[in-house]
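Enquirer: The following block contains the structure, expressed as structure tokens.
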There are 2 protein chains.
Amino acid sequence: MGWEEKVRRVVPYIPGEQPKQKGIIKLNTNECPYPPSPLVKRKAAEFRTDELRLYPDPDASLLVKSLADYYGVKEDQIFVGVGSDDVLAMSFLTFFNSDRPVLFPDITYSFYDVWAELFQIPYRCPALDEDFRLKKEDYLSENGGIVIPNPNAPTGLYEELDTIEEIVASNPDSVVIIDEAYVDFGGRSALELVDKYENLLVVQTFSKSRAMAGIRIGFAAGSSKLICYLKDVKFSFNSYTMNAPSIAWGAASILDDGYFKETVGKIINTRERVKKELSALGFVFPDSSSNFIFASHKSIPASELFEALKQEGIYVRHFNKPRIDNYLRITIGTDEQMDELLTFLKRYI
Amino acid sequence: MGWEEKVRRVVPYIPGEQPKQKGIIKLNTNECPYPPSPLVKRKAAEFRTDELRLYPDPDASLLVKSLADYYGVKEDQIFVGVGSDDVLAMSFLTFFNSDRPVLFPDITYSFYDVWAELFQIPYRCPALDEDFRLKKEDYLSENGGIVIPNPNAPTGLYEELDTIEEIVASNPDSVVIIDEAYVDFGGRSALELVDKYENLLVVQTFSKSRAMAGIRIGFAAGSSKLICYLKDVKFSFNSYTMNAPSIAWGAASILDDGYFKETVGKIINTRERVKKELSALGFVFPDSSSNFIFASHKSIPASELFEALKQEGIYVRHFNKPRIDNYLRITIGTDEQMDELLTFLKRYI
């Protein structure tokens, strides 16, 4: 037989390209076009590498406390991980341990089905409606758990909190995960509901609105019981996931709320302007509440535009998947970057 | 029923205490008493936090290349993770996917059974002999995989590479993982065998000999086929595990081989001196090839000594487990730290 018979074989998630050449306009992985808070820079300048000889705090208390204070929950209601992907992977492993199917939309973050496959969790993907809207009733049948991204990716659409709450309230026998990677760019967070529903887990990230994709921080908030189960699994996997710079710099980032709000505000303003310009150029798109626009042109195929943009050194994301293969996901960059994009599109179209 | 019915429940690994008070002598988690290379300090001073807005390189190529160059293997033979715990957890998930039991010693790193439980992998723990030596024949029967720490923890004993090779060669139908967290402190690495045996995975860490426990880097070397399977699972879990500081600073650390060898040499010298002094004080211990000594006193119970040392602000590790509950695992600190330990022990005994 041979050792390969015993190997778990999976089809991995493929992240957006991280091209190494300089001078490109990178609008393909929903990063923030602005740097992290100056407080992070100051913390980094003070960082003492001599202390790296010691293990970091396994509880990442400094970071956990800053998040708990900021979001008005108790420290035992916060879980942190190596990006929200780590938090979500641990959550799938912890909470979706039954033989009933986990539910998430057919068009959504393409990592969900990868985790389900990896952990051999059954799943079902109810179709969004033709406008890419969630059909609430799809999430009211028996299930092994629910994951809803809000705003959704790659559509950018936000579902009202009432809808989310109804789904959470109707599923006391399942954990409902609301993946809010993009919520800071529009919409109310389900965080305000975590004290009301023991089965609700809200996941967010530092990679988008907090401009710290390179430091790898994600977090979850929920009932202390839920967080306790999640920590038990995490401590059965890797005691020390958060390294010393991520704990120190992440906590610093949370403290600078003014900078955070200013950055997010700039991105929202740019997004709203770009929406108008794209419409004028003949694009259609769901009304984004995120830091990207999911756009389709009425006459030029997305795959053609994708290649033309790439030739020009402008990277966007194209998903070669049913229902969305004629769309481009365009991250909101700086005003200058978006002007270059728009100038090229005007010329091309 | 309720959502808790669907939760995976585990008994997590409990890491050594990370006390927050100052002024203690911390000999409980096998950290390096010396700081990382000055090159790491320099890299940290140059670190540009503005670039944190971007995702890190998902392949951590800079770090992977530095390791491949240093150890004389190809880049596709190296896998990196968030500490060797992350590498080992991913390896368990990837390679131990059969219904036959995975084998590892009864006295060993206490995370192995935790991972097996987490991933619902059957396992069996052949007993070490009365001198805590591996019995080779225990690893020649049918199995679902093998994990051998070399040197072993918490015993500190190194098994000759011939023994390891025989086990690897006799198990072509299983992946054999050699966990070499402590190999730099004594003994030949199985790395020299990775081109000869497709089923061999060698795991090492930056947390001990490289004095970077706080940055969280571990790595594995093996055949490119083995590493490819491991990467597929890793990319199904979290695309971006290594953050930007860990990639940059880890690579810098590898470049400073002189500093690395000097540090390791100092620890070995201290260890050999402390062995003599402990013997003179009536301690017995396996002959350590690691950065710790696993010692038992001929008349004073380990639990009593553990508490007495803690009172004095000297933290060591005590495992309340069968066969080893009368031993203390004492990390090798600086000469000054060890002198304080020895002075106290002389007075106490």
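Enquirer: Using a Cα-Cα cut-off of under 19 Å, which aspartates and glutamates could be cross-linked to B:Lys74, ignoring same-chain neighbours fewer than 8 residues away?
Expert: Leaving aside aspartates and glutamates fewer than 8 places away in the same chain, those within reach of B:Lys74 are B:Asp57, B:Asp59, B:Glu192, B:Asp195, B:Glu198, B:Asp232.
Enquirer: Then there's this: Pick out, from B:Met242, B:Ala45, B:Ser84, the residue whose Cα sits farthest towards the positive end of the charge dipole of chain B, with +1 on the Cβ of Lys and Arg and -1 on the Cβ of Asp and Glu.
Expert: B:Ala45
Enquirer: Report the closest approach of any chain B C-beta to the axis of the B-to-A rotation: residue and distance, in whole angstrom.
Expert: Whole-Å result, nearest residue of chain B to the axis: B:Pro245, 2.
Enquirer: Kirkwood hydrodynamic radius of the protein assembly as shown from all distinct Cα pairs, in Å? Please report the intermediate quantities before stating the final value.
Expert: Values: mean 1/r = 0.0377 Å⁻¹.
Answer for the protein assembly as shown: a Kirkwood hydrodynamic radius of 26.6 Å.
Enquirer: Place a +1 charge on the Cβ of each Lys and Arg in segment B:50-255 and a -1 charge on the Cβ of each Asp and Glu, then give the dipole magnitude about the Cα centre in debye, rounded to the nearest 20. Walk me through the numbers before you get to the answer.
Expert: Values: 16 positive and 32 negative charges, 112 e Å.
Value, rounded to 20: 540 debye.
Enquirer: I've got another one for you. List the pairs from B:Lys26/B:Lys65; A:Lys234/A:Lys266; A:Lys231/B:Lys20; B:Lys135/B:Lys321; A:Lys136/A:Lys266; B:Lys65/B:Lys261 whose alpha-carbon separation is above 30 Å, in the order I gave them. Mind dumping the intermediate values first?
Expert: Details: B:Lys26/B:Lys65 34 Å; A:Lys234/A:Lys266 36 Å; A:Lys231/B:Lys20 21 Å; B:Lys135/B:Lys321 20 Å; A:Lys136/A:Lys266 33 Å; B:Lys65/B:Lys261 20 Å.
From the list (B:Lys26/B:Lys65; A:Lys234/A:Lys266; A:Lys231/B:Lys20; B:Lys135/B:Lys321; A:Lys136/A:Lys266; B:Lys65/B:Lys261), the Cα-Cα distance tops 30 Å for B:Lys26/B:Lys65; A:Lys234/A:Lys266; A:Lys136/A:Lys266.
Enquirer: What is the distance, in nm, between label points placed 7 Å from the Cα along the Cα-to-Cβ direction at B:Asp257 and at B:Asp195?
Expert: 1.6 nm
Enquirer: Dipole magnitude of the protein assembly as shown about its Cα centre, charges +1 at Lys/Arg Cβ and -1 at Asp/Glu Cβ only, in debye to the nearest 20?
Expert: Working: 80 positive and 102 negative charges, 289 e Å.
Charge dipole, the protein assembly as shown, about its Cα centre: 1380 debye, nearest 20.
Enquirer: For chain A, with a Gaussian network of springs between Cα atoms less than 10 Å apart, report the residue from A:Lys65, A:Lys22, A:Lys41 with the top mean-square fluctuation.
Expert: Result for chain A, Cα springs under 10 Å: A:Lys22 fluctuates most.
Enquirer: Counting only the backbone N, which residues of segment B:95-110 are under 16 Å from the spot 7 Å out from the Cα of A:Gln120 toward its beta-carbon?
Expert: B:95-102
Enquirer: Taking the label point as lying 7 angstrom from Cα along the Cα-to-Cβ axis, what are the distances from A:Pro19 to the corresponding position in the remaining copies, in ascending order and in nanometres?
Expert: Those label-point separations list as 5.5 nm.
Enquirer: Okay, next question. Shortest first and in nm to one decimal, what separations exist between B:Asn269 and its copies in the other chains, measuring from label points 7 Å along the Cα-to-beta-carbon line?
Expert: 6.2
Enquirer: As a test of understanding, state the convex hull volume per residue of segment A:298-349 from its alpha carbons, in Å³. Write down the numbers at each step before the final one.
Expert: On the way: hull volume 4.0 nm³, N = 52.
Once divided by residue count, the hull of segment A:298-349 is 78 Å³.
Enquirer: Also: Given Cβ point charges of +1 (Lys, Arg) and -1 (Asp, Glu) and nothing else, what value in debye, to the nearest 20, does the dipole of chain B about its Cα centre take?
Expert: Numbers: 40 positive and 51 negative charges, 213 e Å.
Around 1020 debye, computed over chain B.
Enquirer: Kindly give the distances from B:Tyr348 to its copy-mates, label point to label point, with each label point 7 Å from Cα along Cα→Cβ, as nm values to one decimal ordered shortest first.
Expert: The projected label point of B:Tyr348 is separated from its counterparts by 7.1 nm.
Enquirer: Can you work out the FRET efficiency for the pair A:Glu142 and B:Glu51, with r the C-beta to C-beta distance and R0 = 51 Å, to the nearest 0.05? Please report the intermediate quantities before stating the final value.
Expert: Working: r = 47 Å, r/R0 = 0.92.
Rounded to the nearest 0.05, the efficiency is 0.60.
Enquirer: Quick one: if you stick a label point 7 Å off each Cα along the C-beta vector at B:Gln21 and B:Met1, how many nm between them?
Expert: 4.9 nm
Enquirer: Quick check on the exposure proxy: order A:Glu159, A:Glu46, B:Glu31 from fewest to most C-beta atoms within 10 angstrom. List each step's numbers first, then the result.
Expert: Values: A:Glu159 19, A:Glu46 9, B:Glu31 23.
Neighbour counts put them in this order, fewest first: A:Glu46, A:Glu159, B:Glu31.
Enquirer: Per residue, how much space in cubic angstrom lies within the convex hull of the C-alpha atoms of segment A:1-80?
Expert: Values: hull volume 21.9 nm³, N = 80.
Spread over its residues, the Cα hull of segment A:1-80 gives 274 Å³ apiece.
Enquirer: Right, here's the next one. Return the Rg/Rh ratio of chain A with Cα-based radii and a Kirkwood Rh. Provide the component values of the computation, followed by the final result.
Expert: Working: Rg = 20.5 Å, Rh = 21.2 Å.
Ratio value, two decimals: 0.97.
Enquirer: Based only on the alpha carbon positions, what is the Kirkwood hydrodynamic radius of segment A:142-260, in angstrom?
Expert: Working: mean 1/r = 0.0648 Å⁻¹.
Over segment A:142-260, the inverse of the mean reciprocal pair distance is 15.4 Å.
Enquirer: Helix-only estimate, please: 222 nm mean residue ellipticity of chain B, summing -39500 (n - 2.57) across DSSP H runs of length 4 or more and dividing by its residues, to the nearest 500. Walk me through the numbers before you get to the answer.
Expert: Values: 10 runs with 120 residues, N = 349.
When only DSSP H runs of four or more count, the value is -10500 deg cm²/dmol.
Enquirer: From largest to smallest, what semi-axes in whole angstrom does segment B:50-255 give when each is the square root of 5 times an eigenvalue of its alpha carbon gyration tensor? Let's see the in-between values first.
Expert: Working: eigenvalues 154, 65, 49 Å².
Equivalent ellipsoid semi-axes, largest first: 28, 18, 16 Å.
Enquirer: Averaging over every viewing direction, what projected area does the convex hull of the Cα atoms of segment A:225-267 cover, in nm²?
Expert: Details: hull surface 18.6 nm².
Orientation-averaged projected area of the Cα hull: 4.6 nm².
Laboratory data are not the source of any read-out in this text; all were calculated from the coordinates shown. All values reported here derive from a predicted model rather than from experimental measurement. Glycine also receives a Cβ, built like all others from the backbone with ideal geometry; neighbour counts cover every protein chain displayed.
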